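Notes follow once the structure below has been shown.
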There are 2 protein chains.
Amino acid sequence: MAKEKKQPRPKAETPKGFRDYFGAEVTERQQMLEKIAEVYRLHGFDPLETSAVETVEALGKFLPDVDRPNEGVFAFEEDDTWLALRYDLTAPLARVAAQYRNDLPFPYRRYAMGPVWRNEKPGPGRFRQFYQCDADTVGAPSVAADAEICGMLADTLEAVGIPRGDYIVRVNNRKVLNGVMEVAEILDPTNPDKFAYERGVVLRAIDKLDRLGVDGVRALLGEGRKDESGDFTKGAGLNAEQMLPLIEFVNAHTAIQSDLASYQQEIDAPGGERVLQGMVAFQKRENELLGLPKMEAFNRVKNQFAADYLRSIVKSSMCGVEGVSELETISNLLAAQGYGGDRIVIDPSVVRGLGYYTGPVFEAELTFEILDEKGRPRQFGSVAGGGRYDDLVKRFTGQEVPATGVSIGVDRLLAALRAKGRLTGETQGPVIVTVMDRDRMADYQAMAATLRQAGIRAEVYLGNPKNFGNQLKYADKRASPVAVIQGEDEALRGVVQLKDLILGAKLAQEATLEEWKSQPAQVEVPLAYLVEETRKLLDRHR
Amino acid sequence: MAKEKKQPRPKAETPKGFRDYFGAEVTERQQMLEKIAEVYRLHGFDPLETSAVETVEALGKFLPDVDRPNEGVFAFEEDDTWLALRYDLTAPLARVAAQYRNDLPFPYRRYAMGPVWRNEKPGPGRFRQFYQCDADTVGAPSVAADAEICGMLADTLEAVGIPRGDYIVRVNNRKVLNGVMEVAEILDPTNPDKFAYERGVVLRAIDKLDRLGVDGVRALLGEGRKDESGDFTKGAGLNAEQMLPLIEFVNAHTAIQSDLASYQQEIDAPGGERVLQGMVAFQKRENELLGLPKMEAFNRVKNQFAADYLRSIVKSSMCGVEGVSELETISNLLAAQGYGGDRIVIDPSVVRGLGYYTGPVFEAELTFEILDEKGRPRQFGSVAGGGRYDDLVKRFTGQEVPATGVSIGVDRLLAALRAKGRLTGETQGPVIVTVMDRDRMADYQAMAATLRQAGIRAEVYLGNPKNFGNQLKYADKRASPVAVIQGEDEALRGVVQLKDLILGAKLAQEATLEEWKSQPAQVEVPLAYLVEETRKLLDRHR
């Protein structure tokens, strides 16, 4: 008879790419979500919570990586229906907007927060479950809705603790991109499906400008590019004439920034008013900018300068010109509310991976430097993004429903604040009522209850009480500020000992033997004054 | 050539058994979770958030329905590993306690909140995703930990708005159940696997006492039971002698309650002190209960009476007697803190479905009546449950790690409060700035921004502004309290119209034509006083 095989023990491990969050990590995120929700709510957005699971059919296939359109989600089959974990909060919103289209108020402003799941290769700091916090407006065709989202995004970043100057909201427009494609003759408005492959290659190439440089992009626009490892990526196969407007476009951001930087220098210098006046007059904005300090006025004309620059590239495309006009409108609406070009910038290098955008796209970037894993300084980068997606609801209903929105990557934003030391999650543990006599557990629990009734976080030690040292080690591990001690002797006299653990730890490092012996970190108080005396010790360390 | 088939449109539907939550439903839950977390935190519990996805191996198979141990979860295979959505928050805690056993402070008090998923047949009010909010203590062998959880559960229910008297925490002990099984000779301590089938049938039968009655249970203990539809359920096949202690046990709860009810009547009557004194003397608690009002003292001896009753049934089983002693300790620890038998009750009818409990089990029940779907009054029933599970962590490590905890069914608790009209989710919408002149969008957005800077929830109407009636209909649908109106004429004069929409709606129902014409619900104010005047209107309806 074969020997019975013993079942091996299960491994105590999170699945690959998932992680656990403890203590302050949880409360800090919760506090951030509440702050973001408060800004969204103040702007008239209402909460919506959909479930984690959607039908694959309803989710659609909109993940960035167009090379593997079927992958990227966690899917499973139930009762002959394929279900999947949501990969973002936008696809569920499109489903909701279609499903409840007769009941919801339109325009429908909604916010949503929660985890999303991506079945992607995990990496350092890159997990398969992460939090998003989105706000979207469905049913508002005007770019005033996009402007509102961009302004709200700036407000949100400031509300969670990113000061002005440490972030920038960059705005572009898919229509401008399409305009350039038209000029380059790889977009035929009468046949939108034509040249789809070429456009895909071009978009991804532009998106990688940072990494590849202009020459790398040029190679991808042409025959293709061999990377350092020798791998060859097939290009879009464009000719020189087609490449010209694309390269001009790729260079636009750098060119605009460099022009604006020299203007800024000139304006900032004594007599710089004259240069500014020239720009203001060219933009016919004398009335609007009258009386503003010169750098503030400059902040408000910057984006118009960028728009004029882009218009010169796409001027032969109707779609492109419309896109630039929309960017102008957004920037003017925002400038009127005081969001100048120092916070919200027209930036043609913003592409945004997702294929479903149809108009303005935007991205919030943190501009301060942090140290990467290898100690090298680098810009923190993008923490939020979004844009207009007018066709997502149409998938369900056949009717066009305009929509625009933003998604904040809450975990990245938390990482940024943590890197800057700007998070204040609670680190102080509870008051620990120690157990000297295990038969008097009821008394100890009553003490903890008394403290709690006064709003003081408190608990009784529930491990094996035999070794008192272990109780203090536990209190230390919990970062407990105060230990309450009552042995037989104290109980008979109706008193307790309060041990100030924070002062105690400090003394242990610094005190002389004499100081130490005088036990300044421990006081004996009547049991009746437990609350008042504990509070005194807690107040010491506020 | 075959004609190309057009892709059908996706259905805008939640998957079967899932639902969406809108507006106040979301905020009310969020507020409840915060209140619960605050009580947990005050008791020294620290937050933990694990991800939705675990390995199937780590989750184990502990769902109640022992007939289908492999089902009940949403599972999927990734990279040769079976993963599943968590079905509760306890299994992930056991995994965490094992995985981080060298780093966590023990006893480890943690709380967790979030959705869990069950792949079960959905029904009315029964969804496949729902919220739980758990608190557990891992590493505390003493039943003081169980007592703490029971007391905290009572505090939590009161904190979320269930007044004393509307809930009861019922406590039982698996060891008492096992004791009865030993007495009935279907549990052999030297061979715990023996009679597992019989015990499964017995447990499920006892759990269904409410529905089946004593005769139904008796049938299941014996040969089996035919239900109304004619379906036959095989029984445990016990003989009359074996059935006796089990039936006595099944009847115990009713017997205890009926005895206590007649004592209560006697004690409540004039001269009832004598009866009470008898009970107190029998329990040797004269000192402890000295000076308490008689009904309060009675509340504190009730549970001891129940314990004595149970002891008489299991007296020949060591395990059973130990279980009764634990119940006594729990009830005494709680009574010392003022949690009397009116709030926390020893109740042998509590079974709790989950197979992993090893000691005390508890359940919080709401005792008020609500109307069911058919308008019939019924008790609301259970909203939370838990117990001691000393073997869950051992699965991973091989070492025994005692643990106890409670899980609150947040969605059921919300439904209860909703049924009693005790939820105060925000229902007032934002102030709506209407759009009379679409070229002046920047001005309207600036007005909304001004209101928001003063902390007033406000938004600009972003639909097609052409039909003003639609703007007011939208404001109505959003439950907006105030509309701001500025046409060309008002703009020139530097004023705005404020429309009190709540008063307006009231007048529309009640006012005479004369009253209506005088437009009392609309005021004209200088734009510079927008904030102050809007606030006045909002304050009217607080």
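Can you tell me which residue is farthest from B:GLN399 (Cα to Cα) among those in region B:102-122 that are facing chain A (nearest Cβ under 8 Å) and part of a loop (DSSP other than H, G, I, E, B)? Full working, then the answer.
Our first condition is that a residue be facing chain A (nearest Cβ under 8 Å); within region B:102-122, this holds for B:105-107, B:109, B:115, B:117, B:119.
After this cut, where a residue has to be part of a loop (DSSP other than H, G, I, E, B) as well, the list is B:105-107.
Working: B:PRO105: 17, B:PHE106: 14, B:PRO107: 15 Å.
In this case the residue turns out to be B:PRO105.
Evaluate the following for B:ARG211: is it within 31 Å of the chain's Cα centre (by Cα), closer than 28 Å to B:GLY165 by Cβ and without any contact (Cβ under 8 Å) to a residue 12 or more places away in the chain? Yes: the conditions hold for B:ARG211. If you filter region A:277-295 down to residues that are assigned to a loop (DSSP other than H, G, I, E, B) and among the aliphatic types (A, V, I, L, M), you find that the one that is surrounded by the fewest Cβ atoms within 10 Å (Cβ to Cβ) is A:LEU290. Look at A:GLY469 and say whether it is buried (at least 21 other Cβ atoms within 10 Å of the Cβ), more than 10 Å from chain B (Cβ to nearest Cβ) and of a type in the set (Gly, Ala, Ser). When the stated conditions are applied, A:GLY469 does not pass them.
Let's see how each residue does on (1) in contact with a Ser or Thr (Cβ under 6 Å, 6 or more places away or on another chain); (2) more than 27 Å from A:VAL143 (Cβ to Cβ); (3) touching a residue at least 40 places away in the same chain (Cβ under 8 Å); (4) facing chain A (nearest Cβ under 10 Å):
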position: B:GLY429; (1), (2), (3), (4): yes, no, yes, yes
position: B:ASP443; (1), (2), (3), (4): no, no, yes, yes
position: B:ARG457; (1), (2), (3), (4): no, no, no, yes
position: B:ILE485; (1), (2), (3), (4): yes, no, yes, no
position: B:ALA505; (1), (2), (3), (4): no, yes, no, no
position: B:THR512; (1), (2), (3), (4): no, yes, no, no
position: B:VAL523; (1), (2), (3), (4): no, yes, no, no
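Residue-level check: of (1) in contact with an Asp or Glu (Cβ under 6 Å, 6 or more places away or on another chain); (2) at the interface with another protein chain (Cβ under 8 Å from one of its Cβ atoms), B:GLU78 misses just (1). The residues listed here are A:ASP136, A:ASP146; of these, the one that is within 28 Å of B:ASP443 (Cβ to Cβ) and in a helix (DSSP H, G or I) is A:ASP146. Among the residues of region B:98-107, is any under 21 Å from the mean Cα position of the chain (by Cα) and buried (at least 24 other Cβ atoms within 10 Å of the Cβ)? No, the conditions are met nowhere in region B:98-107.
Inside region A:432-494, counting only helices (runs of 4 or more DSSP H) that do not spill past its ends, which hold 3 or more residues that are closer than 19 Å to B:ALA135 by Cα?
Numbers: elements: A:441-453, A:468-477, A:488-493.
Result: A:441-453.
Report, by residue number, each residue of region B:19-32 that is within 9 Å of chain A (Cβ to nearest Cβ) and either touching a residue at least 24 places away in the same chain (Cβ under 8 Å) or among the basic types (Lys, Arg) (or both). Reasoning before the result, please.
Within region B:19-32, the first condition is being within 9 Å of chain A (Cβ to nearest Cβ), and the residues that meet it are B:19-27, B:29-30.
Those that are within 9 Å of chain A (Cβ to nearest Cβ) and either touching a residue at least 24 places away in the same chain (Cβ under 8 Å) or among the basic types (Lys, Arg) (or both): B:ARG19, B:GLY23, B:ALA24, B:GLU25, B:THR27, B:ARG29.
Considering the conditions (1) in contact with an Asp or Glu (Cβ under 9 Å, 6 or more places away or on another chain); (2) free of Cβ contacts under 8 Å to residues at least 60 places away in the same chain; (3) acidic (Asp, Glu), B:GLU158 is excluded by exactly one of them, (1). When you check B:VAL202 against the structure, is it of a type outside the set (Asp, Glu) and within 23 Å of A:LEU462 (Cβ to Cβ), yes or no? No: the conditions fail for B:VAL202.
Could you tell me whether A:ALA236 is out of contact with any Gly (no Cβ under 6 Å at 6 or more places or on another chain) and part of a helix (DSSP H, G or I)? Against the criterion (out of contact with any Gly (no Cβ under 6 Å at 6 or more places or on another chain) and part of a helix (DSSP H, G or I)), A:ALA236 does not qualify. Note on region A:333-370: residues that are within 29 Å of B:ASP439 (Cβ to Cβ) and of a type in the set (Ser, Thr, Tyr) total 3.
Among the residues of region A:308-324, count how many are of a type in the set (Gly, Ala, Ser) and in a loop (DSSP other than H, G, I, E, B). So that I can check it myself, show each step before the final result.
Narrowing region A:308-324 to residues of a type in the set (Gly, Ala, Ser): A:312, A:316-317, A:320, A:323.
Now drop any that are not in a loop (DSSP other than H, G, I, E, B), which leaves A:316-317.
The number of residues fulfilling the criteria is 2.
When region B:325-340 is limited to residues that are touching a residue at least 60 places away in the same chain (Cβ under 8 Å) and part of a loop (DSSP other than H, G, I, E, B), the one that is nearest to B:ASN178 (Cα to Cα) turns out to be B:TYR339. From the list B:TYR167, B:TYR131, B:TYR197, the one residue that fits, being of a type in the set (Ser, Thr, Tyr) and in the same structural domain as B:VAL26 (by TED's automatic domain parsing), is B:TYR131.
Checked against (1) part of a strand (DSSP E or B); (2) in contact (Cβ under 8 Å) with a residue 60 or more places away in the chain, A:VAL531 passes all but a single condition, namely (1). Residue selection: A:ASP500 satisfies the criterion of being of a type outside the set (Val, Ile, Thr), in contact with a helix residue (DSSP H, G or I) (Cβ under 6 Å, 6 or more places away or on another chain) and either away from every other protein chain (no Cβ under 14 Å) or exposed (fewer than 15 other Cβ atoms within 10 Å of the Cβ) (or both).
Working carefully through the options A:PHE368, A:PHE380, A:PHE305, A:PHE298, find the one that is part of a helix (DSSP H, G or I) and more than 20 Å from A:GLY179 (Cβ to Cβ). Full working, then the answer.
Working: A:PHE368 fails: part of a helix (DSSP H, G or I); A:PHE380 fails: part of a helix (DSSP H, G or I); A:PHE305 fails: more than 20 Å from A:GLY179 (Cβ to Cβ).
Residue meeting the stated conditions: A:PHE298.
If the requirement is being within 29 Å of B:LYS35 (Cβ to Cβ) and at pLDDT 95 or above, which of these qualifies: B:ALA491, B:ALA403, B:ALA416? Explain how you work it out, then say what you get.
Details: B:ALA491 fails: within 29 Å of B:LYS35 (Cβ to Cβ); B:ALA416 fails: at pLDDT 95 or above.
Residue meeting the stated conditions: B:ALA403.
The values are calculated or read from the model by the stated rules, or taken from the named source; none is laboratory data. The structure displayed is predicted, hence computed values, not measured ones. Every residue, glycine as well, gets a Cβ built from its backbone with ideal geometry; the counts of neighbours run over all protein chains shown.
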